[in-house]
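Enquirer: One structure, pasted below without further comment.
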2 protein chains.
Amino acid sequence: MWVSRRTDYATRALLVLSLEGGGPLKLEELAGRTAVPQSVLEQVMPTLRTAGIVRSERGPAGGYRLNKAAAEITLERVVRLFQGPLAPIGCATRHNPEPCPMSLGCTLRDVWEEIRDATISLLGGVTFADLAARAGGPWTNPSLLATAPAEPAAG
Amino acid sequence: MWVSRRTDYATRALLVLSLEGGGPLKLEELAGRTAVPQSVLEQVMPTLRTAGIVRSERGPAGGYRLNKAAAEITLERVVRLFQGPLAPIGCATRHNPEPCPMSLGCTLRDVWEEIRDATISLLGGVTFADLAARAGGPWTNPSLLATAPAEPAAG
DNA sequence: TTGTTCTTGACAAGAATTGTCAACATAATC
DNA sequence: GATTATGTTGACAATTCTTGTCAAGAACAA
């Protein structure tokens with residue numbers, strides 16, 4: 001339960017962009033196709049842009065597209081961007097681990113590091129090309145999305 | 001960075017109890033030997049007790065000890081007790097996953113589930129007997145702990 | 001009865017998360 | 001140039017989680 005909503009939303013947006021090879025997608029479209037509040041994507045997309053992962057164009061016919069091949073964007077890159085270190089605990093990060101008076105001979109830390117490495121290995125081994133290749137359902141067929149906004153037919 | 005302090009503290013306390021095969025350890029001793037604030041252990045230990053992992057005795061000569069063999073207490077059990085589900089995200093828990101309109105054909109969720117399973121596999125494969133067998137430093141030799149409380153010799 | 005120890009519940013301070021909004025900048029089109 | 005469509009930015013409120021602390025109470029032994 002440690003992947004934040006923003007991380008979730010960012011990966012969703014990138015998966016849709018990976019599936020939409022060509023033209024730019026507007027923020028509104030992107031929000032609709034990923035079932036993400038547009039107001040949150042407003043925050044998420046600029047972060048992806050600053051990181052060089054997506055590119056944007058303004059004005060009519062503007063929108064977002066990938067800034068590099070989907071095969072070159074790993075899940076690790078994106079999760080790191082929004083989550084920071086992937087270690088489950090501060091004493092087990094690879095860079096600048098949090099000091100702990102019990103770290104010497106600590107076998108608990110060994111396990112935390114194994115979890116960290118397994119996580120990195122999995123996230124680092126998956127690109128958005130991989131994710132796009134096997135995606136289905138509403139990902140490839142937007143009409144399968146309920147798109148139930150404010151008020152359903154009730155009254 | 002998803003393992004909470006309380007989880008950290010609980011596992012530390014259990015590791016020390018596993019190393020101290022025999023007599024009960026008082027809360028104060030346990031706090032000292034694990035470098036954990038006693039006031040927090042006051043909250044953590046009863047949780048371990050209610051879960052049947054440790055046993056307690058009150059009065060003088062009281063304290064805590066393991067309620068079962070260290071080889072029968074897995075890290076998974078303890079982490080679950082304090083963290084809840086081990087999945088990185090709500091849609092990927094094994095029981096009652098959080099519903100998501102994008103779950104059909106979602107390859108992202110596949111990866112989250114792989115991370116969940118790898119985490120469970122690692123945590124489930126380690127017992128406190130394993131952890132105790134290889135521990136060293138201040139874990140086996142408490143005198144190596146700085147135990148620097150309020151005011152060091154400075155004046 | 002006294003002293004030691006665990007037990008419980010309430011709590012405050014702080015941090016992180018989540019979602020929203022308004023004002024602004026840029027680009028195309030009329 | 002005016003207008004419209006779009007991304008950009010920063011501030012923000014509400015909520016929830018985390019962390020540590022404390023005081024009063026219950027059990028046990030001497």
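Enquirer: Residue pairs, Cβ under 7 Å, 6 or more apart or interchain, first in the range A:30-41 and at positive phi, second aliphatic (A, V, I, L, M) and at pLDDT 95 or above. List them.
Expert: A:35/B:102
Enquirer: Hey, can you tell me all the residues within the range B:70-116 that are closer than 29 Å to residue B:130 by Cβ and modelled with pLDDT under 95?
Expert: B:95
Enquirer: Among (1) at the interface with another protein chain (Cβ under 10 Å from one of its Cβ atoms); (2) without any contact (Cβ under 8 Å) to a residue 60 or more places away in the chain, where does residue B:64 come up short?
Expert: (1)
Enquirer: Quick one: which residue in A:70, A:92 is surrounded by 15 or more Cβ atoms within 10 Å (Cβ to Cβ), closer than 15 Å to residue A:13 by Cβ, among the small types (Gly, Ala, Ser) and away from DNA strand C (no atom under 16 Å from the Cβ)?
Expert: The unique qualifying residue is A:70.
Enquirer: Right, here's the next one. Please find, within the range A:1-19, the residue that is surrounded by the most Cβ atoms within 10 Å (Cβ to Cβ) out of those that are among the charged types (D, E, K, R) and in contact (Cβ under 8 Å) with a residue 12 or more places away in the chain.
Expert: As a first pass, look at the range A:1-19 and keep what is among the charged types (D, E, K, R): A:5-6, A:8, A:12.
Subset that is in contact (Cβ under 8 Å) with a residue 12 or more places away in the chain: A:5-6, A:12.
Values: A:5: 14, A:6: 17, A:12: 23.
Filtering the range A:1-19 for residues that are among the charged types (D, E, K, R) and in contact (Cβ under 8 Å) with a residue 12 or more places away in the chain, the one surrounded by the most Cβ atoms within 10 Å (Cβ to Cβ) comes out as A:12.
Enquirer: It is to be established whether one or more residues within the range B:43-60 are near DNA strand C (Cβ under 9 Å from one of its atoms), under 22 Å from residue B:144 (Cβ atoms) and of a type in the set (Lys, Arg).
Expert: no
Enquirer: Which of the residues belonging to the range B:5-20 are within 10 Å of chain A (Cβ to nearest Cβ), within 13 Å of DNA strand D (Cβ to nearest atom) and not hydroxyl-bearing (Ser, Thr, Tyr)?
Expert: B:5, B:8, B:12 - these are the residues of the range B:5-20 that are within 10 Å of chain A (Cβ to nearest Cβ), within 13 Å of DNA strand D (Cβ to nearest atom) and not hydroxyl-bearing (Ser, Thr, Tyr).
Enquirer: Does residue A:154 qualify as being more than 8 Å from chain B (Cβ to nearest Cβ) and at pLDDT 95 or above?
Expert: Considered against the rule, which asks whether it is more than 8 Å from chain B (Cβ to nearest Cβ) and at pLDDT 95 or above, residue A:154 comes out as no.
Enquirer: Hey, does the range A:36-49 have a residue that's out of contact with any helix residue (DSSP H, G or I) (no Cβ under 8 Å at 6 or more places or on another chain), modelled with pLDDT of 95 or more and basic (Lys, Arg)?
Expert: Residues of the range A:36-49 that are out of contact with any helix residue (DSSP H, G or I) (no Cβ under 8 Å at 6 or more places or on another chain), as a first pass: A:39, A:46, A:49.
Checking the rest, the ones that are also modelled with pLDDT of 95 or more come to A:39, A:46, A:49.
This time we only want the ones that are basic (Lys, Arg), so: A:49.
Checked against the condition, which is being out of contact with any helix residue (DSSP H, G or I) (no Cβ under 8 Å at 6 or more places or on another chain), modelled with pLDDT of 95 or more and basic (Lys, Arg), the range A:36-49 yields at least one hit.
Enquirer: On the basis of being within 28 Å of residue A:137 (Cβ to Cβ) and of a type in the set (Val, Ile, Thr), does residue A:53 make the cut?
Expert: Against the criterion (within 28 Å of residue A:137 (Cβ to Cβ) and of a type in the set (Val, Ile, Thr)), residue A:53 qualifies.
Enquirer: Now, a different point. Quick test for you: out of A:131, A:123, A:81, pick the one residue that is more than 9 Å from chain B (Cβ to nearest Cβ) and touching a residue at least 12 places away in the same chain (Cβ under 8 Å).
Expert: Numbers: A:131 fails: more than 9 Å from chain B (Cβ to nearest Cβ); A:123 fails: more than 9 Å from chain B (Cβ to nearest Cβ).
Of A:131, A:123, A:81, the one residue that is more than 9 Å from chain B (Cβ to nearest Cβ) and touching a residue at least 12 places away in the same chain (Cβ under 8 Å) is A:81.
Enquirer: Would you call residue B:58 within 13 Å of DNA strand D (Cβ to nearest atom) and among the charged types (D, E, K, R)?
Expert: On the way: within 13 Å of DNA strand D (Cβ to nearest atom): yes; among the charged types (D, E, K, R): yes.
Judged against the criteria, residue B:58 is a match.
Enquirer: Can you tell which of A:52, A:59, A:63, A:105 is crowded, with 18+ Cβ neighbours inside 10 Å and at positive phi?
Expert: A:63
The values are calculated or read from the model by the stated rules, or taken from the named source; none is laboratory data. What you see is a predicted model, and the numbers here were worked out from it, not measured in a lab. Glycine gets a Cβ as well: all are built from the backbone with ideal geometry, and neighbour counts include every protein chain shown.
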